[in-house]
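Note sheet for the following structure.
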Amino acid sequence: MSRFLNVLLASTLLAGPAMAEKIGLGRAALPEEITAWDIDVRPDGQGLPEGSGSVADGEELFSEKCAVCHGEFGEGVDNWPKLSGGQGTLDRDDPDKTIGSYWPYLSTAFDYVHRAMPFGQAQTLAADEVYAIVAYILYNNDLVEDDFVLSRENFTEVVLPNAEGFFFDDRDQTEVPAFTVEPCMENCKEKAEVTMRAAVLDVTPDDPTDDAATLIAAAAPAPEPAASPAPVSVAVAKPPVAAGYTISTDPALISAGEKVFKTCASCHKIGEGAKNATGPIMTGIVGRQAGTIEGFKYSKPMQEAGAGGLVWTPDNIAAYLRDPKGFVPKNKMAFNGLKKQDDIDAVIAYIASHGG
Amino acid sequence: MDEMSHKGTSRRGFLRAGLAAGGALTALGTAARASGPDPLITEVQPWASQLGDGVDVAPYGMPIRFEEHVIRRNVEWLTAETASSINFTPLHELDGIITPNGLCFERHHGGAAEIAKSDWRLMINGLVETPLVFTFADLMRFPRVNKIHFLECAANGGMEWAGAQLNGCQFTHGMIHNVMYTGVMLKDILAEAGVKTEGKWLLAEGADASGMTRSIPMEKALDDCMIAFKMNGEMLRKEQGYPARLVVPGWEGNMWIKWIRRLEVGDQPWEQREETSKYTDTMEDGRSRRWTWVMDAKSVITNPSPQAPITHGPGRTVITGVAWSGRGTIPRVDVTLNGGKTWFPARMDGPSLDKSMHRFYYEFDWDGSELLLQSRAVDSTGYVQPTKNQLRAFRGVNSVYHNNGIATWWVKPDGSAENVEIS
C-alpha cells in the first residue's frame, strides 16, 4: 500500500463517521446570529447566560406571567401542567410528574422557560427573570429556602430529587427477546372474555359519524329517509356600541388585525363555535358589558368593573390593550399589552368583524 | 339515506333507529334479491344527463362533498388548549398505505408556525469546522431522495394503558401517518459544515413558538435522517412543518422536528424538556426509561372497528388494517376472530418498505355471531406484537408512551364494534 493511501486511510479513520463530500453550499454563520439562536442549556451548565434571580422576584414574576395557567404556587389550573408537588408518587397509579417530583435536571427547566414560556409570548423573558422564575419553582417544590438566589454560578449545585430516577432503554435486553418468539396459531388460550368496555366508560368525542348504530342505520335500506333539516342560521345580535365610534370594516385592517390577534389566540378564541379557554371568547365582545361572557370564570376585579358599568367600547378596549394591568388592576390576564396604536386599531377591527 | 339527513338527526335518535335496523339486517342475510327494478338504473339520473362541473371549479381540488366526514378529529378533554394539542388521523376511512396530506394528524406544542420559504433559515453550529447558514434555495441544490416512512407519536395509544378507553381506531391509533418525503439526507447537509470528531450528538431545533428541541445521536443522524420539504409530492403542509422538517425514520414522532431552523453538534445530549419530563416511560417501580426512540412493531384493524361497523350483515366480509415497525418491514400479520384462541395469516398487499406502513386484508364469511377481532404484527426481525397484558408485565400501566399492545374490537351480531379489553 502506498504511503499516500496509508495517510488517506488514517485520516478517514480519524474523521470518525464517513461523511459525504462538501458541495460548497451555505454561508458562514455570524457570531451574533449564533448568539441569537443558540440559547440551549445543558445539565453541565453549558449555555447558561450571565445573571441571577431571587425567589422573591420570582414569586412576583410568576404571579404576573405564569400563574394564569400554572396557578399561584405551580399547582396547575385545569389541564395546564402542574409544576410543583408530587414527590413520592412516581410508583403509584397516576403519578404526579412535576419539576420537583420527576424532572431530572434543573437545566431543562431553565432552558424550557427561556425558550418557550410564557406560552404564546415565548422568548420575551430576560435571563434574570428566568433565573428568578426557576428559583421560585424550586421554592414551591420545597427545594430551596425563601431567601435563595439562583445564579449562573450556583446553578449546577442544585440537584433535583429524581435525578437518579431514569435508566437507559433496555428493551433490547428485556422485551425484545421475550417477544421474539414463534407466534401461536391454534389452541392459544382457553378463554377470551370481555373484561372492560370503552362504551361503558363513554369518553369518546360525541359525533354522529363515529356512532356504530348510526352507520348501520345509514347503510340499511331506509324506507322513509328523514327529511333534510333546514340549515340553522346563527344570528349574531348586534350589541349597542356607544355613539361616536366608528369601527373600521377595511378588509386590509381586519386582515392585519387577524395577525395581531395571534398573540391573543393562545388564550382567547374567536369566531363561530369558539369556546372559552384560558381567556373568554372574543366573539361579540365589542359593546358588551365587561365580565359577562357566559361560562368564563372572571377575576373579581373584572366582575366588579363590569358590574360598575364598564362596557367594551372600542375606546375602552384600546385603553385596556395599551395597559391591561393599569386599566383593570389585578385582573387575571397575563399580557403586558400592545404598544403600537396601529396594532390596537387593527385588532379591534378584527374582533369587531366577529360581531359587536 | 343521504349524508344530509344523516347529519341532521340527533345521535340518540339514530341509536334507536340503528338498533331496530340492526335486527332486520341480520334476518336479511346477504343474498339480497331485488324487490323491483332499481330506479338508479332504470331512470336517467341528473348526472347522466346534465353537465357536471367544468375544470377549474376548484383549482386546488378537495374531496367530493360526500366524504366531508373524513377528517382529523381532536379529543378536547385531553389538553388545555389546541395550540398545544393533538388530533387524530381517520385510519378507519383510509386504505392502502399512503396518508393524504390533509388527513395527517397534527401535534403542536406552540401552534403551527407560518414561515415563508424566503424567511426560512437553517443554521448549523456547535462542534463543526464552519458554522453555516442555509437558505431554502440552498437546500434545493443538494441531491434529493424520496422515501416513504411512517411517523408515529410516542403517545399513540397512550390513553389505553390502563384499559379500553376511546371507542375508535382514529382515537386509539390515529397519531400516525405515512407519506412519501422528498428531501435531502442530513449527512449531506452536515458534511458542508464538517462535523468534528468529538461531535456525538445533534440538537435539532424548530422555529415555532415552542422552540421544539430534541437530542439525536450522531450515528442515527448520519444514517437515514433527512431534511424533507415535500410530502406526497407537494410542499409540506404548514401543520407538518412547512417549509422543512426533520425525518427520523422508525423513531418516535416528537424527534421529527418541524419548521426546523437549527442543528447544533455537541459531545453530549442536551436533556431537553421533551426527552426528560416527556416521552420517557415510567415503570411500576417509579423509575423511568429514557431514550426509548425506536417504535416497536404494531398493527390495528381499521375495518371493521368502532367507527366503521359491519353494515352489510352476515356473509362475505373484508377485514383490513395497517401494521408498521421502527425496526424494518412487516412480512406478516395474523388475525384472530375469537380473541386470540385461533389465528389466521392475513394477506399482505401493497408495497413493503422499510419503516413504512403496511396494509393487510383478511376476507372471510361472517356468520353473524360475535367476534373478538385482533391483529398481530410480526416484523422483519421476528419481533411479535405483544398483548397489552404482556406489555404491562414489563411496564405496569403508568408508562404513557410506546403502547404497541394488541387492540381488541368486540363485533356484535348487529355489526357494531366496540373497543374492549379481554381476558
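Okay, residues lined up against (1) closer than 25 Å to residue A:115 by Cβ; (2) aromatic (Phe, Trp, Tyr); (3) out of contact with any Ser or Thr (no Cβ under 8 Å at 6 or more places or on another chain):
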{"residue": "B:177", "(1), (2), (3)": "no, no, no"}
{"residue": "B:186", "(1), (2), (3)": "yes, no, yes"}
{"residue": "B:189", "(1), (2), (3)": "yes, no, yes"}
{"residue": "B:197", "(1), (2), (3)": "no, no, yes"}
{"residue": "B:200", "(1), (2), (3)": "yes, no, yes"}
{"residue": "B:203", "(1), (2), (3)": "yes, no, no"}
{"residue": "B:207", "(1), (2), (3)": "yes, no, yes"}
{"residue": "B:212", "(1), (2), (3)": "yes, no, yes"}
| Among the candidates B:111, B:174, B:102, residue that is more than 26 Å from residue A:29 (Cβ to Cβ) and surrounded by fewer than 18 Cβ atoms within 10 Å (Cβ to Cβ) | B:102
| task | Would you confirm whether any residue within the stretch B:100-118 is in contact with a helix residue (DSSP H, G or I) (Cβ under 8 Å, 6 or more places away or on another chain), more than 23 Å from residue B:213 (Cβ to Cβ) and free of Cβ contacts under 8 Å to residues at least 60 places away in the same chain? | result | yes
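Going by what's in this entry, would residue A:155 be described as more than 30 Å from residue B:291 (Cα to Cα), surrounded by 16 or more Cβ atoms within 10 Å (Cβ to Cβ) and in contact with a Phe, Trp or Tyr (Cβ under 9 Å, 6 or more places away or on another chain)?
Judged against the criteria, residue A:155 is not a match.
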| task | Would you check if there is a residue in the stretch B:369-386 being surrounded by fewer than 22 Cβ atoms within 10 Å (Cβ to Cβ), closer than 18 Å to residue B:303 by Cβ and either of a type outside the set (A, V, I, L, M) or at the interface with chain A (Cβ under 9 Å from one of its Cβ atoms) (or both)? | result | yes
| query | How many residues are within 7 Å of another protein chain (Cβ to nearest Cβ) and under 30 Å from residue A:99 (Cα atoms) when one looks only at the stretch A:172-198? | reply | 2
| query | Would you pick out the residues in the stretch B:143-158 that are buried (at least 20 other Cβ atoms within 10 Å of the Cβ) and of a type in the set (A, V, I, L, M, F, W, C)? | reply | B:150, B:151, B:153, B:154, B:155
| task | Kindly provide the set of residues from the stretch A:6-27 that are exposed (fewer than 14 other Cβ atoms within 10 Å of the Cβ), modelled with pLDDT of 95 or more and either in the same structural domain as residue A:114 (by TED's automatic domain parsing) or part of a loop (DSSP other than H, G, I, E, B) (or both), ordered by number. | result | A:24
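Output the number of residues of the stretch B:408-423 satisfying the condition of being in contact with a Leu (Cβ under 9 Å, 6 or more places away or on another chain) and either at pLDDT below 95 or more than 9 Å from chain A (Cβ to nearest Cβ) (or both).
Total meeting the criteria: 2.
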| task | May I ask you to verify whether residue B:266 is within 25 Å of the chain's Cα centre (by Cα), surrounded by fewer than 24 Cβ atoms within 10 Å (Cβ to Cβ) and small (Gly, Ala, Ser)? | result | no
| message | Six or more apart or on different chains, Cβ atoms under 8 Å: show the pairs whose first residue is in the stretch B:178-199 and farther than 15 Å from residue B:241 by Cβ and polar (S, T, N, Q) and whose second is surrounded by fewer than 22 Cβ atoms within 10 Å (Cβ to Cβ) and at pLDDT below 95. | response | B:197/A:14; B:197/A:15; B:197/A:16
| query | Which strands (runs of 3 or more DSSP E) does the stretch B:259-378 wholly contain that include 2 or more residues that are among the hydroxyl-bearing types (Ser, Thr, Tyr) and either modelled with pLDDT of 95 or more or not assigned by TED's automatic domain parsing to the domain that holds residue B:391 (or both)? | reply | B:298-303, B:315-324, B:358-366
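Can you tell me which residues in the stretch A:28-44 are in contact (Cβ under 8 Å) with a residue 24 or more places away in the chain and loosely packed, with under 15 Cβ neighbours inside 10 Å? Spell out how you get there, then give the answer.
Restricting attention to the stretch A:28-44, the residues satisfying the condition of being in contact (Cβ under 8 Å) with a residue 24 or more places away in the chain are A:39-44.
If the condition is that a residue be in contact (Cβ under 8 Å) with a residue 24 or more places away in the chain and loosely packed, with under 15 Cβ neighbours inside 10 Å, then A:44 is the only one that fits.
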| Single unsatisfied condition, residue B:182 versus (1) more than 10 Å from chain A (Cβ to nearest Cβ); (2) buried (at least 24 other Cβ atoms within 10 Å of the Cβ) | (2)
| request: May I ask you to say which residue of A:281, A:317 is within 22 Å of the chain's Cα centre (by Cα) and among the β-branched types (Val, Ile, Thr)? | output: A:281
| Where a residue in the stretch A:316-338 is in a helix (DSSP H, G or I) and its partner, wherever it lies, is surrounded by fewer than 17 Cβ atoms within 10 Å (Cβ to Cβ), with Cβ under 7 Å and at least six apart | A:321/A:337; A:322/A:337; A:324/A:337; A:327/A:319
| message | Given the criterion in a strand (DSSP E or B), among the acidic types (Asp, Glu) and facing another protein chain (nearest Cβ under 8 Å), identify the matching residue among B:219, B:205. | response | B:205
| Of all residues in the stretch B:187-202, which are surrounded by fewer than 24 Cβ atoms within 10 Å (Cβ to Cβ) and either of a type in the set (A, V, I, L, M, F, W, C) or outside any loop (DSSP other than H, G, I, E, B) (or both)? | B:187, B:188, B:191, B:192, B:201
| task | Taking the residues in the stretch A:158-184 that are of a type in the set (Val, Ile, Thr) and closer than 15 Å to residue B:402 by Cβ as candidates, determine which candidate is surrounded by the fewest Cβ atoms within 10 Å (Cβ to Cβ). | result | A:174
| Residue list for the stretch B:314-345, restricted to those being hydroxyl-bearing (Ser, Thr, Tyr) and farther than 18 Å from residue B:151 by Cβ | B:317, B:320, B:336, B:342
| said: Would you confirm, using the coordinates I've provided, whether residue B:420 is farther than 15 Å from residue A:192 by Cβ and either β-branched (Val, Ile, Thr) or in contact with an Asp or Glu (Cβ under 7 Å, 6 or more places away or on another chain) (or both)? | reply: no
| query | Can you tell me which of A:325, A:297, A:339 is over 20 Å from residue A:260 (Cβ atoms) and of a type in the set (D, E, K, R)? | reply | A:297
| request: Would you mention how many residues in the stretch A:45-68 are within 13 Å of chain B (Cβ to nearest Cβ) and surrounded by 16 or more Cβ atoms within 10 Å (Cβ to Cβ)? | output: 3
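The values are calculated or read from the model by the stated rules, or taken from the named source; none is laboratory data. For clarity, every value in this text was computed on a predicted model and none was experimentally measured. No Cβ is skipped: glycine too gets one built from the backbone with ideal geometry, and neighbour counts run over all protein chains shown.
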